[in-house]
Amino acid sequence: MKHLLKLLDLSTEEIFSILDLADQLKYERKHGIAHPLLSGMTLGMIFQKSSTRTRVSFEAGMYQLGGHALFLSSRDLQIGRGEPVQDTARVLSRYLDGVMIRTYAQQEVEDFAKFGSIPVINGLTDFCHPCQVLADLMTIREKIGPLKGRKLCFIGDGNNMANSLIVGGLKTGMEVSIATPYGYRPNEAVLTFAKECGGQFFLESDPFLAASGADVVITDTWASMGQESEKEERLKAFKDYQINAQLMAAANSGAMVLHCLPAYRGQEITDSIFEAHAGEIFEEAENRLHAQKAVLVKLLKKEGK
Ligand code: CP
Ligand code: NVA
């Protein structure tokens, strides 16, 4: 594994090996065991969109691994004034040991990896959010044990989160069901993977059907970053796709609820369901730190160090 551009690129073994290392790093941090595995290394973090969790967990994670992280807002970089990604990638590869990018087009992170010579980590694009879903899988495994055969249900927009959950869930042997309104389906390449991978995959319009028998119910905002102007029309399109008490009654009793955050209470999730599952949701947020540290170690650590 040279980069983390999307979960479609990773094997099942690679995903589990990241999750295992994440568990170990979490254990070590809880027990005060230092792990300076990336001492002297620098991660660049390019942000074209806002972030709380991704920025802070990567920066803190690099520090805990003995390295350093640089926050690079596209507003301040020449890339924001039109310098091509091909040139930025070749320059930054000479200063940094790795780069994390949060942007709009998936092609941009793919191009950075193609033209640069350092590991590239996708910190969210319009297409996918692999770091988040690694943390989600870690959280599910921590709470309910082995993933194989468990049912993961996503309700809402067929966006970056849905795309990564489909791939991550199916690659780890979970049954995956998705409910979205008709015009908001997941990405075609992801649906093709889901049909051809030999796993249990269901795409529904009815959220109750999708949630039936689920062990984990997941949602995300109805208007992602960059879609602010569609907010009113999206509020209407998604009104029947809320995670609330009636919907949770269709899931298995004791089912988990996850949300990548930020959450909009009263829209994709009710306040009472959010608060009833706050323990899981904030553990999920914490696990961003551990899962990403595992990714950083896998990608940046040099043999023999
Ligand atoms: N879930 C997530 O990626 O959060 P941020 O947008 O705050 O980074
Ligand atoms: N789908 C959301 C996820 C935020 C972490 C967005 O892209 O804005």
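The values are calculated or read from the model by the stated rules, or taken from the named source; none is laboratory data. Given the structure is predicted, the values throughout are model-derived calculations rather than measurements. Cβ atoms come from the backbone with ideal geometry, glycine included; neighbour counts cover every protein chain shown.
Within segment 10-64, the residues that satisfy the criterion of being under 30 Å from Val85 (Cα atoms) and of a type in the set (Val, Ile, Thr) are Ile15, Ile18, Thr42, Ile46, Thr52, Thr54, Val56. For segment 273-294, the criterion of a residue being closer than 30 Å to Pro36 by Cα, polar (S, T, N, Q) and in contact with a Phe, Trp or Tyr (Cβ under 7 Å, 6 or more places away or on another chain) is satisfied by at least one position.
Residue count for segment 24-55 satisfying the condition of being within 15 Å of ligand 1 (Cβ to nearest atom) and surrounded by fewer than 14 Cβ atoms within 10 Å (Cβ to Cβ): 2. I'd like the full set of residues that are within 16 Å of ligand 1 (Cβ to nearest atom) and part of a loop (DSSP other than H, G, I, E, B), limited to segment 190-226. Hits for segment 190-226 are Asp220, Thr221, Trp222, Ala223, Ser224, Met225, Gly226. Which residues, counting only those in segment 159-173, are surrounded by fewer than 24 Cβ atoms within 10 Å (Cβ to Cβ) and aliphatic (A, V, I, L, M)? Once the filter is applied, which keeps residues that are surrounded by fewer than 24 Cβ atoms within 10 Å (Cβ to Cβ) and aliphatic (A, V, I, L, M), segment 159-173 yields only Leu170. Residues in segment 132-158 that are under 22 Å from Ala223 (Cα atoms) and surrounded by fewer than 24 Cβ atoms within 10 Å (Cβ to Cβ): Gly158 only.
Residues that are outside any loop (DSSP other than H, G, I, E, B) and either over 18 Å from Cys131 (Cα atoms) or in contact with a Cys (Cβ under 9 Å, 6 or more places away or on another chain) (or both) were ranked within segment 258-274; the one that is farthest from ligand 2 (Cβ to nearest atom) is Ser272.
So Lys195 ticks every box in (1) surrounded by fewer than 21 Cβ atoms within 10 Å (Cβ to Cβ); (2) within 28 Å of Gln246 (Cβ to Cβ); (3) not small (Gly, Ala, Ser) but one. Which box is left unticked? Of everything listed in (1) surrounded by fewer than 21 Cβ atoms within 10 Å (Cβ to Cβ); (2) within 28 Å of Gln246 (Cβ to Cβ); (3) not small (Gly, Ala, Ser), Lys195 misses just condition (2).
Looking only at residues in segment 84-126 that are out of contact with any helix residue (DSSP H, G or I) (no Cβ under 7 Å at 6 or more places or on another chain) and touching a residue at least 60 places away in the same chain (Cβ under 8 Å), the one that is farthest from ligand 2 (Cβ to nearest atom) is Ala113. Yes or no: Arg234 within 16 Å of ligand 1 (Cβ to nearest atom) and either out of contact with any Cys (no Cβ under 7 Å at 6 or more places or on another chain) or part of a helix (DSSP H, G or I) (or both)? For Arg234, the condition - within 16 Å of ligand 1 (Cβ to nearest atom) and either out of contact with any Cys (no Cβ under 7 Å at 6 or more places or on another chain) or part of a helix (DSSP H, G or I) (or both) - is not met.
Scanning segment 47-69 for residues that are more than 16 Å from ligand 2 (Cβ to nearest atom) and touching a helix residue (DSSP H, G or I) at 6+ places or on another chain (Cβ under 9 Å) yields Ala60, Gly61, Met62, Gln64, Leu65, Gly67, His68, Ala69.
Pull up segment 116-149, narrow it to residues that are assigned to a strand (DSSP E or B) and within 16 Å of ligand 1 (Cβ to nearest atom), then point me to the one that is farthest from the chain's Cα centre (by Cα). Once the filter is applied, the top-ranked residue is Ile121.
For segment 68-89, the criterion of being within 17 Å of the chain's Cα centre (by Cα) and either modelled with pLDDT of 95 or more or over 13 Å from Val295 (Cβ atoms) (or both) is met by no residue.
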